[in-house]
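Student: Below: one structure in C-alpha cells.
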C-alpha cells in the first residue's frame with residue numbers, strides 16, 4: 001500500500017506552546033492574540049525582524065484603535081518589537097518577533113517604554129507653532 005503524503009496549501013502560522021503557556025500571553029485579549037497570529041502569518045522564516053503591517057492592512061483585521069492597543073500590549077509584554085516606527089512620508093512600521101516575553105514577570109525582563117520608541121517628530125505631531133506645522137498662512141482675499 002502506497003503511503004499518502006499530507007500536503008498543506010497556503011500560508012500557516014505556528015504558535016509555540018511555551019509562549020501560549022507563558023505569563024506574557026496570559027490574560028491577553030482575543031484581539032491581541034489574533035494580531036499576534038497575523039504577525040506570525042507574515043513571518044516567512046527569514047524576516048523575523050522585518051515584518052510589515054500597514055495601517056490599511058490592520059484596519060481590514062480590526063478597528064484601528066483596537067489594533068494600536070493590541071500592538072502596544074504585544075510590545076509591552078515582549079512578544080513583538082517595533083523595529084522602525086514608520087509614519088513619516090507614509091513609510092510603514094516594521095515589526096519584529098521577539099523573545100523578551102520569556103523573561104516577562106521577572107527582574108531580568110527588558111521593559112520597553114512605548115513613549116520612548118516613537119520619534120520625537122511623531123510625538124509632537126503637527127501642532128501649531130512647531131516646525132512641522134503649517135508653513136503658509138492663509139492670506140485674506142482682496143475683494144475689490
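The values are calculated or read from the model by the stated rules, or taken from the named source; none is laboratory data. Just so it is clear, the structure is predicted and the values come from calculations on it, not from any experiment. Note that each Cβ is placed from the backbone with ideal geometry, even for glycine, and that neighbours are counted across all protein chains shown.
Student: Just wondering, is there one or more residues in segment 43-57 that are closer than 18 Å to residue 112 by Cα, in contact with a strand residue (DSSP E or B) (Cβ under 8 Å, 6 or more places away or on another chain) and surrounded by fewer than 16 Cβ atoms within 10 Å (Cβ to Cβ)?
Tutor: Yes: one or more hits.
Student: Still on this structure, please answer the following. Which residues, counting only those in segment 94-121, are surrounded by 11 or more Cβ atoms within 10 Å (Cβ to Cβ), part of a helix (DSSP H, G or I), out of contact with any strand residue (DSSP E or B) (no Cβ under 8 Å at 6 or more places or on another chain) and at pLDDT 50 or above?
Tutor: Within segment 94-121, 101, 102, 103, 114 qualify.
Student: Tally up the residues in segment 40-52 that are within 9 Å of residue 96 (Cβ to Cβ) and in contact (Cβ under 8 Å) with a residue 24 or more places away in the chain, please. It would help to see each step written out before you state the result.
Tutor: In the first step, residues of segment 40-52 are kept if they are within 9 Å of residue 96 (Cβ to Cβ); the result is 47-51.
Then drop every residue that is not in contact (Cβ under 8 Å) with a residue 24 or more places away in the chain, which leaves 48-51.
The total comes to 4.
Student: For segment 48-69, which positions are outside any helix (DSSP H, G or I) and either in contact with a helix residue (DSSP H, G or I) (Cβ under 7 Å, 6 or more places away or on another chain) or closer than 13 Å to residue 80 by Cβ (or both)?
Tutor: Within segment 48-69, 48, 49, 50, 51, 52, 53, 62 qualify.
Student: Can you tell me how many residues in segment 19-39 are surrounded by fewer than 13 Cβ atoms within 10 Å (Cβ to Cβ) and without any contact (Cβ under 8 Å) to a residue 24 or more places away in the chain?
Tutor: Residues flagged as surrounded by fewer than 13 Cβ atoms within 10 Å (Cβ to Cβ) and without any contact (Cβ under 8 Å) to a residue 24 or more places away in the chain within segment 19-39 amount to 5.
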